[in-house]
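This report concerns only the one structure given below.
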Amino acid sequence: MYSYLTLAQLRAALMQRLQDVNNVNVPVAEANLYLIEGLRVLSAQTQAPGIVDFTFDFNPGDTWKSLNIPGSPRQRTVTDTQIYSQIEAMLYEPMSGGVWTGTTQFNITQLANSLQYRRDELLLMSGANTVNLLQPSPLLATTTTLPDSTLDLERVRWIPLDSTFESAYALGREDVTTRDAFGVLLPIEPGPPDSWMITANSPLQFDCSCPPNQPGTWDMLVPFSGAPFAPPLSTLVGIPDDWTPALVYGVLADVLANSPEGRDEFRAKYCIQRYEQFKKAMVKMPWLLEAGIGSIPVDTPSFKEMDAYAQNWEQTWPAGDPQIVVGGVDLVSLAPNVPAGGAIVSSVLTLVGNAPIPTSDASLIQLDRAGVDALLLYAQHVASFKQQGKDFFNTMPLFEQFEAYCGTKNSQYAALGIFRPDVIGQGNRGEDRDPHFQREKEGHGKQTAR
């Protein structure tokens, strides 16, 4: 634990750089927000100093479990009110949270609507709000309708009511062309479904290959949108804390580009570039590094890997070779699941925890000495945002130095281990097998993926 620097001392150093030691232009609460943002961005880009071993229990009957729980190093704590307050400060408006008290250039409805759109876009890109959804499967029909909070559909597993002749299994994914290749009568001939497809329906529906021949349950993994925002009510934004700065810049990009009175093309362009940088990085967001059960390291495959090589791994995987299976960001399961009447299985997950955030002036800053200058460079740059024009533009080299420090830090960490890219990618192994989106590869145009 670092014990050489307090929040009060760090803020004093920032105010000296801003030539505002009496906090005339940047009040104490506002300066703290910029330092906190810097800590979170530094953690998101370098995964330091927030790597934590977390004891996590699997109980009898548990299937998929979220790490977004009280006491977890990955508990999500940031609210929309906190986001509004920082945006208001950066727009040179009073920091009044979810109640707008500023000029007519902007309003709280603008901020809330943009925040909801940007938050849900990030959830779609990252799968950071993937839940285990159970719904009855249709009988003698092929179409299932999903809740309107659905952003995507990741996995469909069928649990037949009568498992005498058939155990539960995950369906493959295909489209109508490949299904029809096996017979045009397949959609009307009842039987055990073996695939699902979404290409022929609305985004809130999917078809299975044939009508199920008995009642059953769809066991699904579904990325959901987040909770609606209704200021002045304070609501958790629902993305990992260290990535919430992305929301600040996404909202600022929208309001500065679309507000008739407050339009600022230069700063809007800067903000959308920052937001897109975050969005691209969130697709491969590091969060799980390794896992162990007892004193034995175990593998952390994605559900896509497990479904491909071990159907119904929930029940059939050897108990002597347990695995921590990843369903999405902060969502895990144990293979095999602990049966009813079984003993609790305790695991230790090495996680990229939230950046330690100071809560008072006496709080110690958990950052090594080499990173303090980079943090101050970043906070000085962000604090200058509200100055606009040339004054803000002239601070761009500060941000570039911060980015260079993050690159140097990652290079240092890479030299400490041969397989660092594999380690930090443990939580995203499914992306390599079955990527979410079609992406561009340098020099090769667009490549097909998920």
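Once you keep just the Cα pairs under 8 angstrom separated by 6 or more residues, what percentage relative contact order results for the chain?
25
5 Å is the cut-off here: which amide hydrogens, built 1.01 Å from N in the peptide plane, fall below it relative to residue 298, excluding neighbours closer than 5 in sequence?
291, 292, 293
Once you list every other residue whose beta carbon is under 13 Å from the beta carbon of residue 30, what net charge do they have if Lys and Arg are +1 and Asp and Glu are -1?
That sum, taken over residues with Cβ under 13 Å, equals -2.
Under 12 Å Cα-Cα from residue 279, which aspartates and glutamates qualify once same-chain neighbours fewer than 8 residues away are excluded?
Those aspartates and glutamates meeting the cut-off are 120, 121.
As a test of the formula, what do you get for the chain when each DSSP H run with n ≥ 4 contributes -39,500 (n - 2.57) and the sum is divided by the residue count, at 222 nm and rounded to the nearest 500 deg cm²/dmol?
-11000 deg cm²/dmol
Would you please put 2-8, 120-126 in order of how densely packed they are, using the mean number of other Cβ atoms within 10 angstrom per residue and starting with the highest?
120-126, 2-8
When ranked by the protection proxy of mean other Cβ atoms within 10 Å per residue, highest first, what sequence do the peptides 329-338, 266-275, 393-402 form?
329-338, 266-275, 393-402
With θ set to phi - 60°, apply the Karplus curve 6.51 cos²θ - 1.76 cosθ + 1.60 along the stretch 236-252 and write out the HN-Hα couplings as whole Hz, x wherever there is a Gly or Pro.
For the stretch 236-252, the Karplus curve yields 4, 6, x, 10, x, 3, 5, 9, 5, x, 4, 5, 4, 7, x, 5, 4 Hz.
Return the long-range amide H neighbours of residue 171 (sequence gap of 5 or more, or a different chain), with a cut-off of under 5 Å between placed amide H atoms.
156, 157, 158
Order by neighbour count: 390, 280, fewest other Cβ atoms within 10 Å first, most last.
Final ranking by Cβ density, sparse to dense: 390, 280.
Every number in this text was worked out from the coordinates using simple rules, so none of it is lab data. All values derive from a computational prediction rather than experimental measurement. We place every Cβ from the backbone using ideal geometry, glycine too, and count neighbours over all the protein chains shown.
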